[in-house]
């Protein structure tokens, strides 16, 4: 990637990522926040970002994605392709 490309990227460091407040509030209301926080940090960032991505673009998809995340978290499931043989724990 060129310097010009890097200049337009958002901050991508682990510490710069913040979970969308509405996503966090919905998870706390559903009483799954602490269970969600027990998942590996990389999984949490990806899943929270994927839900928040739709917030201002497609409200139906946002609600569907949020419900799916909450439902799977209630079950204690990490969904998607997460068979990484434990490597997520390092991120």
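The values are calculated or read from the model by the stated rules, or taken from the named source; none is laboratory data. Note that the coordinates shown come from a computational prediction; the quantities given were computed from them, not determined experimentally. Here the Cβ positions follow ideal geometry from the backbone for every residue, glycine too, while neighbour counts run over all protein chains shown.
Can you tell me which residue among 80, 76 is loosely packed, with under 13 Cβ neighbours inside 10 Å and farther than 22 Å from residue 17 by Cα? Break it down into steps so the answer makes sense when it comes.
Numbers: 80 fails: farther than 22 Å from residue 17 by Cα.
Only one candidate passes the filter, namely 76.
Under 8 Å between Cβ atoms, at least 6 apart or on separate chains: pull out the pairs that start in the range 1-24 with a residue that is within 20 Å of residue 47 (Cα to Cα) and end on any residue that is assigned to a loop (DSSP other than H, G, I, E, B) and at pLDDT below 70.
14/91; 16/10
Being under 26 Å from residue 15 (Cβ atoms) and modelled with pLDDT under 95 is the filter; apply it to the range 55-76 and report the residue that is farthest from the chain's Cα centre (by Cα).
Filtering the range 55-76 for residues that are under 26 Å from residue 15 (Cβ atoms) and modelled with pLDDT under 95, the one farthest from the chain's Cα centre (by Cα) comes out as 56.
Being part of a helix (DSSP H, G or I), touching a helix residue (DSSP H, G or I) at 6+ places or on another chain (Cβ under 6 Å) and closer than 21 Å to residue 81 by Cα is the filter here, so list the residues in the range 16-42 that pass it. Lay out the reasoning, then the answer.
Start the filter on the range 16-42 by keeping residues that are part of a helix (DSSP H, G or I), which leaves 16, 21-29, 33-37, 41-42.
Among the residues that remain, those that are also touching a helix residue (DSSP H, G or I) at 6+ places or on another chain (Cβ under 6 Å) are: 23, 26-27, 33, 35-36, 42.
Across the range 16-42, the qualifying residues are 35, 36, 42.
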